[in-house]
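K.L.:
What follows is a structure written as structure tokens; I'll ask about it next.
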Amino acid sequence: MTKRDYYEVLGVSKSASDDEIKKAFRRLAVKYHPDKEGGDEAKFKEINEAYEVLKDPSKRQRYDQFGHAGVGGASAGGGFSGFEGFDFGQAGGQRVNFDFGDMGFGDIFSSFFGDAFGASSRTRRAARGNDLEINITLEFEEAIFGTEKKLNLELKDICDHCKGKTVEPGYELVTCKTCHGSGQVTQTHNTMFGQIRQASICPTCKGRGKEPEKVCTVCRGSGAVRKQKEIKIKIPSGIDDGVAIRLRNMGEAPTDGGQGSKGDLFVNIKVKPHKKFTREGDLILSKESISMIDAILGAEVKVDTVDGVRTLKIPAGTQPGTDFRLRGLGVPHINNTKRGDHIIQVQVEIPKRLSKKQKELIEEFADEKGKKFWNL
């Protein structure tokens, strides 16, 4: 299914300010939140995905330049965000916070929706494990042509002893004594809007409705333990400095008894500068020096590219600063077989010292031109 344009999703123009994007997201997020009557979880996720890209200047720039391919198609990285202060619970395994300032909208929403914000919605969505973030540095050529890297991580992973079930092998899960199997506990509060019932996840069973007859002696009932783990990741050709790769379900395991999915792993890419080449989008830029004679008479010179040495034809009368284009020797397009070009700027070397014979020949050339153009 083709993804919709992120600006279209939020209903803003491509020139919209950060504040306009934020306001559009708030309005749509409240309208379509799945825990609200009449909400739409699919639209809510689409709205959040668009906002996660457009709120970040670097991601927005890459999206404007490359579209969905420039941001990996989705960027809901560290969970829903944009507002702080009010908790709508879990949505798709990720937490949403809203900030309604001093208006007290948090209490108003609670009274409007009652148990819609209670544990009944939360228990049907298991918590995700934590996301992880690491940084890796690539050589210039590795970023151009892609590579494979081994990563050594220390993270919370599923307990091998209990297989993430939190129960000591040989024992079973039994009905929770705190919530009596409902997975939630309810409290009643008297407010200026009337009596409000607040439901929350049972602290004993974490919403499962069951608790271990005997907790696992290794993970102490969390279902996860810290481990050293080695993983291999493929770096795509054409990746740029500052890009983050998202590896789904490669983060930490949940600590609620294996109820949820693992978090994601975000790999931040740093590319070392090259001593000769620079990059601008899909272009590779470099400079080559040629002699004054080669510039005047023309020549074929050897030049360096990321694909090795190539022959460059210099036409007679080439001026200093002239650019030459080597097509298809630039940066590969991500998820595409096409490549950009390599632009070489020619610098003409002027000799600082001349022999007597060279000086005579140049002066003779200047006299034939009718003016003295070389002042030694």
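K.L.:
Over the stretch 1-43, average the accessible area per residue using a 1.4 Å probe and give it in Å², no decimals. Don't skip to the answer; put the middle values down first.
P.N.:
Details: 2730 Å² over 43 residues.
Result: 63 Å² of accessible area for each residue.
K.L.:
Tell me, what HN-Hα J-couplings in whole Hz come from the Karplus equation 6.51 cos²θ - 1.76 cosθ + 1.60 at θ = phi - 60° for each residue of the stretch 135-149, using x for Gly and Pro?
P.N.:
Result, ordered by residue: 10, 10, 10, 10, 6, 4, 5, 5, 5, 6, 9, x, 6, 10, 10 Hz.
K.L.:
At MET292 and THR217, where each label point lies 7 Å from the Cα along Cα→Cβ, what is the point-to-point distance in nanometres?
P.N.:
Label-label distance for MET292 and THR217, simple model: 8.9 nm.
K.L.:
Please compute the modelled spin-label separation between LYS31 and HIS274, points set 7 Å along Cα→Cβ, answer in nm with one decimal.
P.N.:
Label at HIS274, label at LYS31, 4.8 nm between them.
K.L.:
Through the Karplus equation 6.51 cos²θ - 1.76 cosθ + 1.60, θ set to phi - 60°, convert the phi angles of the stretch 37-45 into ³J(HN,Hα) values in whole Hz; use x for Gly and Pro.
P.N.:
These are the phi-based 3J(HN,Hα) values: 4, x, x, 9, 5, 5, 5, 4, 5 Hz.
K.L.:
Using 0.36 nm per residue of separation minus the Cα-Cα distance, give me the extension gain between ILE134 and ARG310 in nm, one decimal.
P.N.:
Working: separation 176, 0.36 × 176 = 63.36 nm, distance 3.75 nm.
Gain on extension, ILE134 to ARG310, equals 59.6 nm.
K.L.:
Using θ = phi - 60° and the Karplus curve 6.51 cos²θ - 1.76 cosθ + 1.60, what whole-Hz ³J(HN,Hα) does each residue of the stretch 332-338 get, with Gly and Pro shown as x?
P.N.:
x, 7, 4, 6, 8, 8, 6
K.L.:
Report the calculated FRET efficiency for LEU354 and LYS150 (r = Cβ-Cβ distance, R0 = 51 Å), to the nearest 0.05. Could the numbers behind the result be given before it?
P.N.:
Working: r = 57 Å, r/R0 = 1.12.
After rounding to 0.05, the efficiency reads 0.35.
K.L.:
So who's got an amide H within less than 5 Å of the one on GLY181, skipping anything under 5 residues away but keeping other chains? H placed 1.01 Å off N, in plane.
P.N.:
Long-range HN contacts for GLY181: CYS176.
K.L.:
How much length is gained on full extension from TYR171 to ARG325, taking 0.36 nm per residue of separation minus their Cα-Cα distance?
P.N.:
On the way: separation 154, 0.36 × 154 = 55.44 nm, distance 7.13 nm.
Between TYR171 and ARG325, full extension yields 48.3 nm more.
K.L.:
Which cross-chain or sequence-distant (5 or more) residues have an amide H under 5 Å from the amide H of ASP307, H modelled 1.01 Å from N in plane?
P.N.:
Amide H neighbours of ASP307: none.
K.L.:
Could you pull out the pairs from LYS3/LYS45; LYS150/LYS227; LYS45/LYS150; LYS276/LYS302; LYS150/LYS272; LYS45/LYS227 whose alpha carbons sit more than 22 Å apart here?
P.N.:
Those over the limit are LYS45/LYS150; LYS45/LYS227.
K.L.:
Set the Förster distance to 45 Å, then compute FRET efficiency between LYS163 and LYS55 from the Cβ-Cβ distance, nearest 0.05. Write out the running numbers ahead of the final one.
P.N.:
Numbers: r = 39 Å, r/R0 = 0.87.
FRET efficiency, LYS163 to LYS55: 0.70.
The values are calculated or read from the model by the stated rules, or taken from the named source; none is laboratory data. Keep in mind that this is a model prediction, so the values were computed, not measured. All Cβ positions, glycine included, derive from the backbone under ideal geometry; neighbour counts span all protein chains shown. Note: accessible area is taken over every heavy atom of the protein model, side chains too, but ligands, DNA and RNA are not part of it. Shrake-Rupley method; radii C 1.70, N 1.55, O 1.52, S 1.80 Å.
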